[in-house]
Amino acid sequence: MIRTKLLCYGLSGFLCAAGAIIYLHQNISATPGEGADLLLSFAATILGGVYMYGGDGTIPGVLVGVICLASNASALTIAGVSPSNYQGVLGVIVLAVVLVQQEYENNTGAAV
Amino acid sequence: MTKAKASLQRHNRLFPLVAVLVIATVISRGVFIRPTNLILVMASAAAFGLVSFGQALVVIGGGFDLAVGSLVAMSISGIVFFRSDFGILGGTIGALAAALVAGLISGLAVSRTKIPPFIVTLGMLSVADSMAWIVAAGQPITVPSTMTPSRRCSKAFFSAKTYFRSSSSFSDLSPQACSSIGTNGDVTSTLSATTNRPRESPACR
């Protein structure tokens, strides 16, 4: 149990560095304060069906959540929404998903 | 639970994705679903996706990792600014190891003590953030052109690179910086074009 948690956090950090490599590969400039909006990764995991308090969830599910968030950003750009409004829209989506998760859990008595 | 019910529940998770794709296609009037745009979406989600997988591991384990953003920032600074001493490979391996060690430290603190993950990773967020600023010496980071995809590579990516260049909404680069990279391909010209910093900054080494 202790070792599993340790490995989870370690792998999380490792994957952060892997993400940084891909980021460097795609962008030409960055600031040291980069990545503040990466807290949305939590939103992606919840959107992908991971139970918020732990214990349930799959990586393919998280992939679905990631694609959902990325699609949102792209579609909003094409539709002409200003980039400063993304965060608000994404926040509303995440709140809605969490509410639905809670309702589902209350109704069925099981984790989503 | 019967097998059919289980499989239905598993496919349940795809319903939000289908809904999002349909809504996105509708509000973008059909532009979203074009292959070129889908490639762009996938490419822009790559880094975010990797970070989310790590976050998912932690969340499934009942924790929460606030530090992901600043660990990415720390890795970016580390790769770019240790490249001058150890080469690209050395900088990359060093950044991977540093982020792994940072994650293991917060994992150790969470699993061995009773400190809530929120507090531990909040501390790690601050530490990694300040490491990023220290390593970068407070300067904006300009990625050397040897790290961005070469022309040979980008051909294999369905000419996704031309799409990156043409769409100004996905990159915050000035056209000036782009053209200077294209003609000179040197770090210094880009740096002067974007930031007007003197040549003594660490990025120019």
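Scale the Cα Rg of the stretch A:1-96 by the rule-of-thumb value 2.2 N^0.38 Å and send over the ratio, two decimals.
Details: Rg = 15.1 Å, N = 96, 2.2 N^0.38 = 12.5 Å.
So the stretch A:1-96 has a normalised radius of gyration of 1.21.
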Relative contact order %, chain A, counting alpha carbon pairs below 8 Å whose residues are six or more apart: 20
In order through the stretch A:42-48: 3J(HN,Hα) via Karplus (6.51 cos²θ - 1.76 cosθ + 1.60), integer Hz, x for Gly, Pro: 5, 4, 5, 5, 5, 4, x
Neighbouring partner chain Cβ atoms per residue of B:132-142, average, 10 Å criterion: 3
For A:Ser29, distant residues with modelled amide H under 5 Å away: B:Val143
B:Ile88-A:Leu39 pseudo-label distance in nm [points 7 Å out on the Cα-to-Cβ vector]: 3.4
Under 11 Å from the B:Leu14 label point (7 Å along Cα→beta-carbon), backbone N, the stretch A:29-70: none
Shape of the stretch A:1-54, Cα gyration tensor, a/c cut at 1.5: oblate
Kirkwood-type radius of the stretch B:1-102, with distances r between different C-alpha atoms, in Å: 17.2
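Which FRET efficiency value, to the nearest 0.05, is calculated for B:Ser130 and B:Arg29 with the Förster distance at 30 angstrom and r the Cβ-Cβ distance?
Efficiency, from the Cβ-Cβ distance: 0.10.
Just so you know, all these numbers are worked out from the coordinates, no wet-lab data involved. Note that the coordinates shown come from a computational prediction; the quantities given were computed from them, not determined experimentally. Glycine gets a Cβ as well: all are built from the backbone with ideal geometry, and neighbour counts include every protein chain shown.
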